[in-house]
1. Based on the alpha-carbon gyration tensor of region 99-152 and its eigenvalue square roots a ≥ b ≥ c, which shape applies: rounded if a/c is under 1.5, prolate if not and a/b is larger than b/c, or oblate?
2. Starting from the Kirkwood radius over alpha-carbon pairs of region 8-109, derive D by Stokes-Einstein at 37 °C in a medium of 0.692 mPa s and give it in µm² s⁻¹.
3. Which residues in region 55-88 place their backbone N less than 14 Å from a point set 7 Å from the Cα of residue 34 along the Cα-to-Cβ direction?
4. Taking the mean number of other Cβ atoms within 10 Å as a proxy for protection, how do you rank 46-53, 90-97 from highest to lowest?
5. Cβ neighbours within 10 Å, averaged per peptide: list 70-83, 131-144 in order, most packed at the top.
């Protein structure tokens, strides 16, 4: 059986610490992390050299680690581990600090990867736009070549038609010349047939 001093004989910081911690845990349990953080921060400011002040950093870090921001827990964990006051949660604080630092590294890697992915997407989008533009230019060139070929065929058809008409006209002219030549060989006064 251990014997402890009655709570009314304990120094004020030790008496108030248990109540402050219980109230902060209750606030955190109801999702009021900021309230729990403020309560423990105020305790640490009121009794900066107390064991409770060092423990307050641990509990504030734990609440933040759990719900707000792992990054904001890092300075509190470092302050807790650097405190000369007796500490109850060194092992847990060291583990949480390592996890927080690893989380920071992962966040940095994720941000870099996301940035690289965004850059790759932008490059791919630009390449696709250039490919679409090249496809559009190729389609326009193909269409222009088809139009030119159609125009050339139409021109060839027109030239062929004109040649045919010219040949017909030349044939007609040749017949007329032949008739004229025959008519000039006939003696005057002969009747045409």
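1. In terms of gyration-tensor shape, prolate.
2. 238 µm²/s
3. Backbone N within reach: 68-69.
4. The packing order, highest mean first, is 46-53, 90-97.
5. By packing density, highest mean first, the sequence is 70-83, 131-144.
We did not get these values from a lab; they are worked out from the coordinates using the rules stated. None of these values were measured; they are calculated from a predicted model. Methodologically, a virtual Cβ is constructed for each residue, glycine included, from the backbone with ideal geometry; neighbour enumeration extends over all protein chains shown.
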